[in-house]
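Reading through the structure tokens given below for one structure.
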Amino acid sequence: MARRLKKLHIKTFGCQMNAYDSERMAEALQPAGYELTKSLGDADLVILNTCHIREKAAEKVYSELGRVRLTKEARKAHGHDQMVAVAGCVAQAEGHELIARAPVVDIVVGPQSLHRLADLVAEAQSTGERSVETEFPAEDKFAALPPRAQGKRQVSAFVTVQEGCDKFCTFCVVPYTRGAEYSRKPAEIVAEVERLAARGVREITLLGQNVNAYHGDGPDRAAWSLARLLQRLAEIPAIERLRFTTSHPHDMDDDLIALFGDEPKLMPYLHLPFQAGSDRILAAMNRKHTAADYEALIEQIRAARPDIALSTDIIVGFPGETDTDFEATLSLVRRVRFAQAFSFKYSARPGTPAADLDGQVPDSVKKERLAVLQTLLEDSRHDFDRATVGRRLPVLFEGKGRKTGQITGRSPYLQAVHVEGPDALIGYIAEVDISAAGPNSLTGVMKSGFEWREPVQAAV
Ligand code: SAM
Ligand code: SF4
């Protein structure tokens, strides 16, 4: 008799690294008979994969747990169990406190222990006991996870290559929740990318909290830099596009910068957070660079790849930030002209040095500064998008559009592009004449006389 598949519901909060971890958790639970469901009410196992970077992100987890409690009770009333696991950085940071505060939670598992999840679920089912696993185990998490399973048809995939951080920016919890910097071995990453290529993936984004600090032990016993790893991945025929995120300005080396000019598969898009434009604030943040260092770096990157789309992260209202400091941030934004940006109000995180600094900025001031900054960033983004109107760009199609007959994909600059075209083009790159820039995306027309280009199949 066929075994009943159990249902797994995963809700992911936060960054792309969490999205990647969620995929790996789903794959790790497949052999135990779990298949994904979008419905919370149908789930035998619920995982909340959480983010602790700002207070708001952490709070969301507790309100979501309130919702999960109601579903769990409703299922129980109908004689069905529901197990609840909290994974990710809130799990790491709060550990036993989560179990104490939220009786609905059965398992707490930190990001470095997610390969143990299937065992923890089995243990909890057999003993009925609640558990907390937030050690930083010495064993290699990635090696212990099952290889990438056959998954849904996917055009673009994330692959985590580096985790943790040794930079200790004074505002940030990452060094505490994700631990010390660690790089996966190139051979392991190449094998994972080859598997993804064989299942139809055409674009890979390498992930790391500090991805450009990557230094993996190569098969030649040398430490491979991110540039070397990207060059190796570019040799995989079916992989047509490579990207990486998030980079720290301090770790942008010359080889990596040169690669933007030399490697056609490396897309012209770079996310390079600068956080603040005032050197006084940058020093208090322990960022290890000045505003002038950042601008010099941008100049070097633009010399290698003049059309590159630059993206960044910015924090407003760091303790001690004056109007003059904030003006320095605006001024840097005006000079660099970002294609994309993520901006945040400073959020004091318990246990980080900046949380105890004098001069905490009132929320009303942070709000005002954020609004001014975001208006400027939006203008800058629209300028970038408008400058692509009239150009012919190669678009990698990822899925159907919202309107019938429309398909949607990404330009090399990571802009969403909508085009009238056949679904059969999904998974392929086609040249598109960009005709208009909307608030969040571009529209275009497929180049006339377009011919099919079969992607090269990977032999795995
Ligand atoms: N490693 C990246 C770097 O060096 O810039 C950033 C990783 S962090 C997960 C993503 C972004 O969250 C940061 O760039 C920063 O702008 C923002 N962030 C981190 N801690 C924050 C805090 N306490 N308050 C507000 N924003 C914060
Ligand atoms: Fe956090 Fe990035 Fe600074 Fe590391 S480099 S502490 S991840 S902001």
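By definition, a body whose alpha carbon gyration tensor gives a ≥ b ≥ c is prolate when a/c is 1.5 or more and a/b is larger than b/c, and the range 282-391 fits this prolate description. Taking the average, over residues, of other Cβ atoms within 10 Å as the packing measure, peptides 45-52, 328-335 rank 45-52, 328-335 from highest down. Each label point was placed 7 Å from the Cα along the Cα-to-Cβ direction; for A143 and R335 their separation is 4.7 nm. With a cut-off of 20 Å on the backbone N, the residues of the range 313-357 near the modelled label site 7 Å out from T290 along Cα-Cβ are 321-322, 324-336.
Here the chain is treated with +1 on each Lys and Arg Cβ and -1 on each Asp and Glu Cβ, and its dipole about the Cα centre works out to around 1420 debye. For the range 57-128, trypsin sites (Lys or Arg not before Pro) are listed when DSSP marks them as loop and at most 10 other Cβ atoms sit within 10 Å of their Cβ; the list is empty. Element breakdown for the chain at a 1.4 angstrom probe: carbon and sulfur atoms account for 52% of the accessible area. No disulfide-compatible partner, judged by a Cβ distance under 4.7 Å, exists for the following cysteines of the chain: C15, C51, C89, C165. Given the range 57-193, what percent of its DSSP beta bridges are antiparallel, to the nearest 5? In the range 57-193, DSSP labels about 25 percent of beta bridges as antiparallel.
When both bridge partners sit in the chain, DSSP labels roughly 35% of those beta bridges antiparallel. When only C-alpha pairs under 8 Å and at least 6 residues apart count, what is the relative contact order of the range 300-397, in percent? Computed over the range 300-397, the figure is 34 percent. Secondary-structure-derived ellipticity at 222 nm for the chain, considering helices only, amounts to -10500 deg cm²/dmol, per-run term -39500 (n - 2.57) for DSSP H runs with n ≥ 4. Couplings 3J(HN,Hα) for the range 314-327, derived from phi with the Karplus relation 6.51 cos²θ - 1.76 cosθ + 1.60 (θ = phi - 60°), are 9, 10, 10, x, 4, x, x, 5, 9, 4, 5, 4, 5, 4 Hz, where x marks Gly and Pro. Computed about its Cα centre, the charge dipole of the range 266-392 is approximately 520 debye, with only Lys, Arg, Asp and Glu carrying charge at their Cβ. Computed from the alpha carbon positions, the gyration tensor of the chain leads to an equivalent ellipsoid with semi-axes of 35, 30, 23 Å, biggest first.
Scan around I10 for amide H atoms under 5 Å from its own, H built in the peptide plane at 1.01 Å from N, and keep only partners 5 or more places away or cross-chain. Distant-sequence amide H within range of I10: T37, I47. Straightening the chain between D217 and V365 buys 48.6 nm, computed as 0.36 nm per residue apart minus the Cα-Cα spacing.
If the segment from A258 to R67 were pulled out straight at 0.36 nm per residue, it would be longer than the present Cα-Cα gap by 63.8 nm. Within the chain, which is the longest segment that contains none of the GluC sites (Glu not before Pro) sitting in a DSSP loop with at most 14 other Cβ atoms within 10 Å? For GluC sites (Glu not before Pro) (loop position, at most 14 other Cβ atoms within 10 Å), the longest site-free span of the chain is 236-450.
Full extension of the chain between D379 and L36 yields a length gain of 119.5 nm, computed as 0.36 nm times the residue separation minus the alpha carbon distance. Anisotropy class assigned to the range 73-150 is oblate, per the alpha carbon gyration tensor with a/c at or over the 1.5 cut-off and a/b no larger than b/c.
The values are calculated or read from the model by the stated rules, or taken from the named source; none is laboratory data. Values in this document were obtained by computation on a predicted structure and should not be read as measured data. Cβ sites come from the backbone with ideal geometry, for glycine too, and all protein chains shown count toward neighbours. Accessible surface areas use protein heavy atoms only, side chains included; no ligands, DNA or RNA. Shrake-Rupley method; radii C 1.70, N 1.55, O 1.52, S 1.80 Å.
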